[in-house]
Amino acid sequence: MSLVMVIEDEEALGLMLKYNLEKEGYEVIVEPRGAKALGEVERHAPSVIILDWMLPEISGVEICKLIRSKPDIKNIPIIMLTAKGEEEDKIKGLSAGADDYVTKPFSVPELMARVKTQMRRAPEIITTKELVFEDIRMDLIEKKVYRGGQFIHLGPTEFRLLKMLMEQPKKVFARDFLLKNVWGMNIYVESRTVDVHIRRLRKSLNEYGPDYIRTVRATGYSIDNQPQNNEEE
Ligand code: CA
């Protein structure tokens, strides 16, 4: 069954959408907490997302951008829902990566028609169940990491760090980028914190194989299988 995720904090509207979408034969999850939305999208990999612009803590536009920055979920169609009718906001929403845009108050049949349109694009989506780099395997469903078949225990931050690196091998990630995307945007942490967690990650991973985490001086980190000279900083 096709899953629609509704990210909307207004309870009445969430329920109304759930009722109508279920009537259309979809499975529906309503997520009222903006801050939890990204994790829930990653967990459930819905076919279509209906995303409200106005959410507490984090805006719909920010969530949209975050979804578009994650390789395993970035292709999920997003319909933005908003009370704002201004052209400028529409442009902002679409440039943040929304596929469609519906202004409140909207007609239910029209929204359902738009969901159906986006649903047609959905089967193309292949959601990633695991990431593999050389002998390192990350199970994204079970949230477990193995190296050469050995289970590797990682803390949640190390897990997210490794995931980011493994999603784009050989790409060099700046410390600031890692801070923003691994720790979240509202948490203040020093960029040296990244080094501390990279050290922990290395220690756990290198127990069962060579060091694939490359330190790029004054820049950041990548995962790479080329020979390298890493100096602990
Ligand atoms: Ca709202």
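The values are calculated or read from the model by the stated rules, or taken from the named source; none is laboratory data. Keep in mind that what you see is a predicted model, and the values were worked out from it rather than measured. For neighbour counting, all protein chains shown are included, and Cβ atoms are generated from backbone atoms with ideal geometry for every residue, glycine included. For the accessible areas, the whole protein counts, side chains as well, though only heavy atoms, and no ligand, DNA or RNA atoms are used. Shrake-Rupley method; radii C 1.70, N 1.55, O 1.52, S 1.80 Å.
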Check: By DSSP, what percent of the beta bridges with both residues in the chain are antiparallel, rounded to the nearest 5?
Finding: 50
Item checked: Given charges at beta-carbon only (K, R positive; D, E negative), |dipole| of the chain in Debye -> 480
Check: Rounded if a/c is under 1.5, else prolate if a/b is larger than b/c, else oblate: which is the stretch 3-119, with a ≥ b ≥ c the root eigenvalues of its Cα gyration tensor?
Finding: rounded
Margin query: In Å², and per residue, what accessible area does the chain have when probed at 1.4 Å with the other protein chains present?
Written below: 53
Check: Put +1 on the Cβ of every Lys and Arg and -1 on every Asp and Glu Cβ in the chain; which of THR103, GLN226, VAL41 then has its Cα farthest towards the positive end of the dipole?
Finding: GLN226
Notebook entry, point to check: At 222 nm, what helix-only mean residue ellipticity would the chain give, in deg cm²/dmol to the nearest 500, using -39500 (n - 2.57) for each DSSP H run of four or more?
Noted result: -11000 deg cm²/dmol
Check: In the chain, what percent of the accessible surface is made up of carbon and sulfur (1.4 Å probe, ligands and nucleic acids excluded)?
Finding: 50
Margin query: Report, to one decimal in Å, the Kirkwood hydrodynamic radius for the chain based on all distinct Cα pairs.
Written below: 19.3
Next item on the list: Could you please tell me the mean projected area of the C-alpha convex hull for the stretch 19-58, averaged over all directions and given in square nanometres to one decimal?
Entry: 3.1
